Amino acid sequence: ITMIMKTLFTNIKELIQIRENGEEKISGADMKILPSIKNAFLLVEDEVIVDYGAMADLGILEADHVEDCTGKIVLPAWCDSHTHLVYAGNREQEFVDRINGLSYEEIANRGGGILNSAKKLQETSEEDLYQQSKERLEAVMQMGTGAIEIKSGYGLTTEAELKMLRVIKRLNEEFPLPIKATFLGAHAFPPEYKEDQEAYIDVIINEMLPKVASEGLADFVDAFCETGYFSVAQTEGIMEAAQKYGLPSKIHVNQFTVIDGIEACVKHNALSVDHLEVLEDKDIEVLKNSSTMPVALPTCSYFISIPYTPTRKLMDAGLPLALATDYNPGTTPSGNMNFVVATACIKMKMTPEEAINAATLNGAYAMDLAKDYGSITKGKKANILVTKEIPSYYYLPYAFGDHLLEKVMIHGTFI
Ligand code: NIG
Ligand code: FE
């Protein structure tokens, strides 16, 4: 006989983000709706959600653990589909340089930015890199992240990129939450390839990618498609090469300039297009009738003072939208998903319902995890947040600086 561990949440003030019909993403006007039950129960067996409903419908039930949620909101854990959480050291000097008037671009042109992080990472041992990254992962889990994507891209040599991806793999093995790995060799051109970009593209496609694929170190590929970084043609070459290894793409695009990258991403069936701070109407048209998820990163805009992604425009055009942190040392040194949700409401005029949909189910979709994560659905993994006693779920973005979570459950276990 196998023992089943039953956890019963009772008297939940409001159980939110309930999805019964296997929706894999939420689009347009539907994002305004956050299905919920007030005064609810939720039953978890081992690591799976098996039942929920109104307290009035809860029969007598024996559970190994009963969690009284009087006055508390229960929701699925955050799904953070875009991070660079594995990195070495920090870049607080660049932060101060920006305060004193330099732009992100000026700092990068002086050898700061991504190249600064790459230099630090190349000099850091794999063990040290793991330890630094592990602390960040533990911290974001405490803040309610229950599924996460992590990119390479601060290595920029075959050896250092593989080192980053091995660290991501080890995190995935040692932590209970699902971690998707994205190979971002095309994050910046290393200084030695400045005059011969195609030689670096060749290294990415013919040296790095085959190793990454044969060692099974990545789920996705990414490129920084941007003026001064990777052109649309170079990005397409990388997407096509990755497709041969079965790796779908998630692309950094339209952060600073519009160079028609979105069209190329859609053409190559990208899983997501991320950033989109600058968008033209034709980009929105291209995204319609595609399966590509637009991903906004509002705390990046907040931190480096660039425009916010016009998410209202995207949703009003009927598109879905995901929100993620972009946690990285240069443009977003924060992995706080509640702050992302708050910033989306405060700065992008997203409603709490839209922001929570974007940070849960649509985030799961953007890392191909929607089958098992991102909503309160029977059969999905029990990745669950229990808030402190709060007036309503509006309070999560409203009290943006507070830590409002009392408990975080990942795969049926409180962390
Ligand atoms: O998503 N835009 C490109 N990459 C990162 C930032 C890189 C860095 O400054 O370290 C981003 O914002
Ligand atoms: Fe990023």
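The values are calculated or read from the model by the stated rules, or taken from the named source; none is laboratory data. In this text, all values refer to a predicted model and were calculated from it rather than measured experimentally. Cβ sites come from the backbone with ideal geometry, for glycine too, and all protein chains shown count toward neighbours.
Could you list all residues from the stretch 226-239 that are touching a residue at least 12 places away in the same chain (Cβ under 8 Å) and either assigned to a helix (DSSP H, G or I) or touching a strand residue (DSSP E or B) at 6+ places or on another chain (Cβ under 6 Å) (or both)?
Hits for the stretch 226-239 are Phe230, Val232, Gln234, Thr235, Glu236, Gly237, Ile238, Met239.
Can you list residue pairs whose Cβ atoms sit under 8 Å apart, with the first residue in the stretch 282-300 being assigned to a loop (DSSP other than H, G, I, E, B) and the second being within 12 Å of ligand 1 (Cβ to nearest atom)? Count only pairs 6 or more apart in sequence or on different chains.
Short answer, once both residue conditions are applied: Leu297/His82; Leu297/Asp274; Leu297/His275; Leu297/Ala324; Leu297/Thr325; Leu297/Asp326; Leu297/Thr332.
Can you tell me which residue among Lys371, Lys407 is surrounded by fewer than 24 Cβ atoms within 10 Å (Cβ to Cβ) and either assigned by TED's automatic domain parsing to the domain that holds Glu92 or under 17 Å from the mean Cα position of the chain (by Cα) (or both)?
Going through Lys371, Lys407 in turn, just one is surrounded by fewer than 24 Cβ atoms within 10 Å (Cβ to Cβ) and either assigned by TED's automatic domain parsing to the domain that holds Glu92 or under 17 Å from the mean Cα position of the chain (by Cα) (or both): Lys371.
For the stretch 313-364, name all the residues that are without any contact (Cβ under 8 Å) to a residue 40 or more places away in the chain and among the polar types (S, T, N, Q).
Selection gives Thr332, Ser334.
Given the criterion within 16 Å of ligand 2 (Cβ to nearest atom), over 21 Å from the mean Cα position of the chain (by Cα) and not in a helix (DSSP H, G or I), identify the matching residue among Leu115, Leu121, Leu156.
Leu156
Name the single residue, out of those in the stretch 165-195 being in a loop (DSSP other than H, G, I, E, B) and without any contact (Cβ under 8 Å) to a residue 24 or more places away in the chain, that is farthest from the chain's Cα centre (by Cα).
Going through the qualifying residues, I end up with Glu195.
Gln255 is checked against (1) within 16 Å of ligand 2 (Cβ to nearest atom); (2) in a loop (DSSP other than H, G, I, E, B); (3) surrounded by 18 or more Cβ atoms within 10 Å (Cβ to Cβ); (4) without any contact (Cβ under 8 Å) to a residue 40 or more places away in the chain and fails just one. What number does that condition carry?
(4)
Quick one: in the stretch 326-343, of everything that is within 10 Å of ligand 1 (Cβ to nearest atom) and under 10 Å from Thr299 (Cα atoms), which residue is nearest to the chain's Cα centre (by Cα)?
The residue in question is Asp326.
List the number of the failed condition for Ala264; all other conditions in (1) over 17 Å from the mean Cα position of the chain (by Cα); (2) within 13 Å of ligand 2 (Cβ to nearest atom); (3) aliphatic (A, V, I, L, M) hold.
That leaves (2) as the condition not met.
Could you tell me whether the stretch 129-142 includes any residue that is away from ligand 2 (no atom under 16 Å from the Cβ) and over 20 Å from the mean Cα position of the chain (by Cα)?
yes
Can you pull out every residue in the stretch 275-309 that is within 17 Å of Lys250 (Cβ to Cβ), among the small types (Gly, Ala, Ser) and within 16 Å of ligand 2 (Cβ to nearest atom)?
Ala296
Taking into account only those residues within the stretch 104-144 that are among the small types (Gly, Ala, Ser) and buried (at least 18 other Cβ atoms within 10 Å of the Cβ), which is modelled with the lowest pLDDT?
The qualifying residue modelled with the lowest pLDDT is Ala108.
Of these, Ala242, Ala223, which one is in a helix (DSSP H, G or I) and either assigned by TED's automatic domain parsing to the domain that holds Glu127 or within 13 Å of ligand 1 (Cβ to nearest atom) (or both)?
Values: Ala223 fails: in a helix (DSSP H, G or I).
Among Ala242, Ala223, only Ala242 is in a helix (DSSP H, G or I) and either assigned by TED's automatic domain parsing to the domain that holds Glu127 or within 13 Å of ligand 1 (Cβ to nearest atom) (or both).
What's the number of the only condition in (1) out of contact with any Pro (no Cβ under 9 Å at 6 or more places or on another chain); (2) more than 30 Å from Ser36 (Cα to Cα); (3) touching a residue at least 40 places away in the same chain (Cβ under 8 Å) that Val74 fails to meet?
(2)
Give Leu314, Leu396, Leu361 a once-over and let me know the one that is touching a strand residue (DSSP E or B) at 6+ places or on another chain (Cβ under 6 Å) and aliphatic (A, V, I, L, M).
Working: Leu396 fails: touching a strand residue (DSSP E or B) at 6+ places or on another chain (Cβ under 6 Å); Leu361 fails: touching a strand residue (DSSP E or B) at 6+ places or on another chain (Cβ under 6 Å).
None of the other options fit; the residue is Leu314.
Which one of Val340, Val408, Val386 is within 14 Å of Asp80 (Cα to Cα), aliphatic (A, V, I, L, M) and outside any loop (DSSP other than H, G, I, E, B)?
Unique residue meeting the criteria: Val340.
Applying the selection to the stretch 310-332, what residues are within 12 Å of ligand 2 (Cβ to nearest atom) and not β-branched (Val, Ile, Thr)?
Ala324, Asp326, Tyr327, Asn328, Pro329, Gly330
Among what's in the stretch 258-281 and is outside any loop (DSSP other than H, G, I, E, B) and closer than 17 Å to Ala218 by Cβ, pick the residue that is farthest from ligand 1 (Cβ to nearest atom).
Ser272
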